[in-house]
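Readers should treat all values here as calculations from the given coordinates under stated rules, not as data from a laboratory. Nothing here was measured: the structure is a model prediction, and the numbers come from that model. Positions of Cβ are generated from backbone atoms using ideal geometry, with glycine treated the same way; all protein chains shown enter the neighbour counts.
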Amino acid sequence: MPAALTGTMPALLQIDNGRMLSPVKHGDTIRMHSRVLEKRESSMPDRGAVTFLRQCVKHDGTVVQEMKITLMYKRRTKD
């Protein structure tokens, strides 16, 4: 993890609709696509929640895993 992000994600809040769609075999190359679906403030002024759609995709374009995940992040101050 890059040093700039260290300590910025204090909690995993939720994982929804985690689905394994296709097998991954030894030698396959996979990558992750992540798209922000929603972001919201929390009751704590220094934190907020971000919901992503994450997909793991094989080198041939096949989506092998998909999930909706919500993470808590530290927020920047409004200086």
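Things to note:
- Taking all Cα pairs closer than 8 Å and separated by 6 or more residues, the relative contact order of the chain comes to 38 percent.
- For residue 22, no residue has an amide H sitting under 5 Å from its own, ignoring neighbours fewer than 5 places away on the same chain, with H placed 1.01 Å from N.
- In Hz, Karplus ³J(HN,Hα) per residue of the stretch 36-44 (6.51, -1.76, 1.60; θ = phi - 60°; x = Gly, Pro): 6, 9, 7, 9, 8, 6, 10, 5, 8
- Computed from backbone phi, the HN-Hα couplings of the stretch 52-69 come to 10, 9, 10, 10, 9, 10, 6, 4, 8, x, 6, 6, 9, 8, 8, 7, 10, 10 Hz, rounded to whole numbers (Karplus: 6.51 cos²θ - 1.76 cosθ + 1.60, θ = phi - 60°; Gly and Pro given as x).
- Kirkwood Rh, Cα atoms: Rg over Rh of the chain: 1.07
- The length gained on full extension between residue 75 and residue 31, counted as 0.36 nm times the residue separation minus their Cα-Cα distance, comes to 13.1 nm.
- Considering only 34, 22, 43, the mean-square fluctuation computed in a Gaussian network model of the chain, springs between alpha carbons under 10 angstrom, is largest for 43.
- The lysines within cross-link reach of residue 74, meaning a Cα-to-Cα straight distance under 22 Å and a gap of 8 or more places when in the same chain, are 39.
- Taking 14 Å as the straight-line reach from the Cα of residue 25, the aspartates and glutamates in range (excluding those fewer than 8 positions away in the same chain) are 60.
- Working ranking of peptides 13-21, 56-64 by packing, defined as the average number of other Cβ atoms within 10 Å per residue, highest first, is 56-64, 13-21.
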